[in-house]
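A quick write-up on the structure given underneath.
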Amino acid sequence: MLRIEEEKGPQKNFYTQKVLPQKVVIPLSQHTGSLPKLLVKVKDKVKLGEILAEPSSFISSAIHASVSGEVKDIRIYNHPVLKKAKVVIISAEKNSSERFEPPYIRGEEQVKNMESSELISLIRNSGVVGLGGAGFPTYVKLSPSKKVDTLIVNGCECEPYLTCDYRLMIEHTESILKGIEVIAKILQVNKVYIAIEDNKLEAVKRFNSKLHTKKYALPSAEVVVLKSFYPQGAEKQLIYRLTRRKVPSGGLPFDVGCVVQNVGTCFSVYEAVYFNKPLIERIVTFAGSALEEPKNLLIRIGTVLEELVEREILKFKKEPEKVIFGGPMMGIALDSLDYPIIKTTSGVLFLTGEDLDLREESNCIKCGRCVDICPMNLLPLEFVRLVKKGLWSELKEFYISDCIECGSCAFVCPAKIPLVNYIKAGKEKLKSLNKT
Amino acid sequence: MKLIVEVSPHKKADYGIPWLMKEVLIGLAPVILASIIFFRIRAVFLIISCLLGAVISEEVWMRLRKKPSSLRDYSAVITGILLALVLPPKLPLWVGFLGGVISIILGKQVFGGLGQNIFNPALVGRAFLMAAFPVMLTSWVEPFSLDAVTKATPLALWKFSKEFTPLKDLFLGNVAGSLGETSSLAIILGGGYLIMRKIADWRAPLGMFLGMSILSGIFYLVNPLGGSILFHLFSGGALLGMFFMVTDPVTTPVSKLGRFLFGLFCGFLVIILRKFSGLPEGVMYSILIMNGFTPLINRLTKPRPLGR
């Protein structure tokens, strides 16, 4: 079990601030699955929350305008995950309405009386995807092919620096619970776990006090306090810890009767169902030693980092040397600030020299620290050896495809070997070999 | 704005190989100190000659191969000191120097340097000297004696004249033996430090402890002349091997179970060699033999991935 310095304060204690962008760059792909079908063209006027592209197949997701304004361009642009991808660029109207005006408001009674299929289609039309990282379309997870008996709500947030889920749990406890209610109803589970690490006891307290009111149709809900360690929030590990069920290699949580949803996703489900509100904004943590003031912002999807810096919403006290989309363990380092925030962006870190470890890679001393720490029980050092030698087919014998790239091995390696780098290279090579 | 782009993770543990090796040096400190207390200036000189042999050959090798100096990782220093600690105090200094050279060149560099070697370099050096200078390597002196009064080791006394050394002497270390092997107390202190600091994993030492205890216990029950469990643990190189050799990361298995099994079989072998071989001691050969089995143990103890 890996313990990493948390670095979650002071942003942990700041109320989330709202930011409205002047321009948004909205990638079509912000999820796992096929590209949605574009419904707008250049020069179209769009309203806040209007659909821009609709799901094209069973695993896909809608995207929506996150500001009211005019579609300026549809082109290839920087993408934090895919590097380059198709986007819709919208410039906001000068007096664009600040708030999303719900076209429809449903009361609790109304929601209770809705059919599962209606709920799922609302969630689908709202473009809700998993906000924890992978961006798997939520409506797909809510239509499992197998009987599911357990819902796990993931509020672990085990990556250092990130506090967006924590703030959401503090500021919107009831809404999250209402979202959980909807999900539990759709899946008809008989057990709900809300998993929170022990470094977020305030959130635990709030959930518990709300649950005690018995206002929610969640008789079997239980807040589970987990000792914080990394990677607590990894899906398979979390399922195993809570239920002792092992998701088979290459399988999905469905296969062991579980569904895992991030707290942020539950909140978006609530907004979609109660207000017809599409996923147009999310909380993002901005932190790192280069920032004057780390903070959490409620930010519109598609907001470009550069704008936040130019408008001095983010101020640097030192020039950042590394900018990371996501947490420090699994996040992606970017080459400029010209990247949009997307649905799965939980944080952006601006690191300076003092946070960076630039020691050079040396020989593996086979100490086995990577083996001891690997949450998947793999032999990470073997991947490095085999990739270096180009023994691609042997990589399979060591189950390289099971690696979740959590980075624990590279963190503990005393030889400073960038193991994830080698593992990614090995996986890519295998993929290209399989194609030919 | 120039930004560094590299693959995650973007945070890493503070420690590195040089730090680990320095910690090992701290763990070795009580052992070195004990050797100086018991064997005085001889210990100092022998440690220095082995150290010089190791460090100089490491540097020369790297320069000849036009590679950056590797002295900063301290591994050559550790090898030199460990070698000295398993040699007899009366050994001529040039033999110690030669041992250091052999340890580094034959024990490590010919395999490709740090992390690549199969056998424990210090033990390779000692095995070489044992073959080349058998008499020198088995001549022992009494502790505290500057004029080098010859004295047999407790294991030799046991094996050849059925004479038992008091446990108290074995524990404190005022018996004949290799520089760093005599004082069980000092080794337990230093080794305990390494385990508490998690520099060394406890599984291999535990395995060796159990292996030796089980087998020597059985033999003792059959015939008390076989030597008690504590006698076997506290004499010869058992404890030094247990804390400083089977915990060597490079030459031992990578999985937890593998490390335990490695230690366990080392323990069995030590007792078997002590009982049935022509030599009184068997720690060095046990560990070298098991080093050879490390790849096999790694293959047999491959952990099962979650969900398979």
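Measuring r between the beta carbons of B:Lys162 and B:Leu71 and using R0 = 35 Å, the FRET efficiency lands at 0.15.
On C-alpha positions alone, give me the angle between the axis of helix B:93-105 and the longest principal axis of chain B, in degrees, nearest 10. It works out to around 40 degrees.
Sparse packing (at most 15 other Cβ atoms within 10 Å of the Cβ) combined with a DSSP loop state is found for the following trypsin sites (Lys or Arg not before Pro) in segment A:1-45: A:Arg3, A:Lys41, A:Lys43.
Sites listed here are trypsin sites (Lys or Arg not before Pro) in segment A:50-134 whose DSSP assignment is loop and whose Cβ has at most 12 other Cβ atoms within 10 Å: A:Lys94, A:Arg99.
Residue separation of B:Lys198 and B:Ile118 scaled by 0.36 nm, minus their Cα-Cα distance, works out to 26.5 nm of gained length. Measuring max minus min along each principal axis, the C-alpha atoms of chain B give extents of 77, 49, 31 Å (largest first). In the protein assembly as shown, with Lys and Arg counted as +1 and Asp and Glu as -1 at Cβ, which of these residues, B:Gly173, B:Val283, B:Tyr15, has the Cα nearest the positive end of the dipole, that is, farthest along it? Ranked along the dipole, the leading option is B:Val283. A Förster radius of 22 Å combined with the Cβ-Cβ distance from A:Lys215 to A:Asn190 puts the calculated FRET efficiency at roughly 0.65.
Cβ under 13 Å from B:Phe268's Cβ, B:Phe268 left aside: what net charge do those residues give with Lys, Arg +1 and Asp, Glu -1? List each step's numbers first, then the result.
Details: positive: B:Arg274, B:Lys275; negative: none.
So the environment of B:Phe268 carries a net charge of +2.
Using a simple charge model, +1 on the beta-carbon of Lys and Arg, -1 on the beta-carbon of Asp and Glu, nothing else, what dipole does segment A:369-435 show about its Cα centre, in debye to the nearest 20? Intermediate values should be presented prior to the final figure.
Values: 11 positive and 7 negative charges, 64 e Å.
For this selection, approximately 300 debye.
Quick check on segment A:168-314: take the gyration tensor over C-alpha atoms, sort the square-rooted eigenvalues as a ≥ b ≥ c, and tell me if it's rounded (a/c under 1.5), prolate or oblate. Cα axes put segment A:168-314 in the prolate bin. Got a sec? Which residues in segment A:247-287 would a label at A:Gln17 touch, if it sits 7 Å along Cα→Cβ and we count backbone N under 12 Å? A:286, by backbone N distance to the label point.
Charging the Cβ of each Asp and Glu at -1 and of each Lys and Arg at +1, and nothing else, the dipole of the protein assembly as shown about its Cα centre rounds to 1320 debye.
Inside 10 Å of the C-beta atoms of B:73-81, what's the mean count of C-beta atoms belonging to other chains?
On the way: counts 4, 0, 2, 0, 0, 0, 0, 0, 0.
Averaged over the peptide's residues, the number is 1.
Calculated [222 nm] ellipticity per residue, helices only, for chain B: -19000 deg cm²/dmol; basis is -39500 (n - 2.57) per DSSP H run with n ≥ 4, divided by all residues, nearest 500.
Loop-only check: which chymotrypsin sites (Phe, Trp or Tyr not before Pro) in segment A:71-111 are DSSP coil with at most 12 other Cβ within 10 angstrom?
Numbers: sites: A:Tyr77, A:Phe100, A:Tyr104; in loops: A:Phe100, A:Tyr104.
Taking segment A:71-111 and a limit of 12 other Cβ atoms within 10 Å, the loop chymotrypsin sites (Phe, Trp or Tyr not before Pro) found are A:Tyr104.
So for chain A, what are the equivalent ellipsoid semi-axes in whole Å, largest first, each being the square root of 5 times an eigenvalue of the Cα gyration tensor?
Working: eigenvalues 213, 148, 101 Å².
So the equivalent ellipsoid measures 33, 27, 22 Å along its semi-axes.
Kirkwood analysis of the Cα pair distances in segment B:114-270 returns a hydrodynamic radius of 16.5 Å. Ellipsoid fit via the Cα gyration tensor, segment A:369-435: semi-axes of 19, 12, 10 Å, each the root of five times an eigenvalue, largest first. One quarter of the surface of the convex hull around the alpha-carbon atoms of segment B:45-141 equals 5.5 nm², the direction-averaged projected area. Mean sequence separation of contacting Cα pairs (under 8 Å, at least six apart), scaled by the length of segment A:108-275, corresponds to a relative contact order of 35 percent. Think of chain B as having a plus end and a minus end, set by charges on the Cβ of Lys, Arg, Asp and Glu; of B:Gly113, B:Pro305, B:Ile41, B:Pro305 sits farthest toward the positive end of this dipole. How many percent of Cα pairs in the protein assembly as shown exceed 43 Å? Here the tail beyond 43 Å accounts for 40 percent of pairs.
Computed from the coordinates by the stated procedures, all read-outs in this text should not be read as laboratory data. Just so it is clear, the structure is predicted and the values come from calculations on it, not from any experiment. Backbone-built Cβ (ideal geometry, glycine too); neighbour counts: all protein chains shown.
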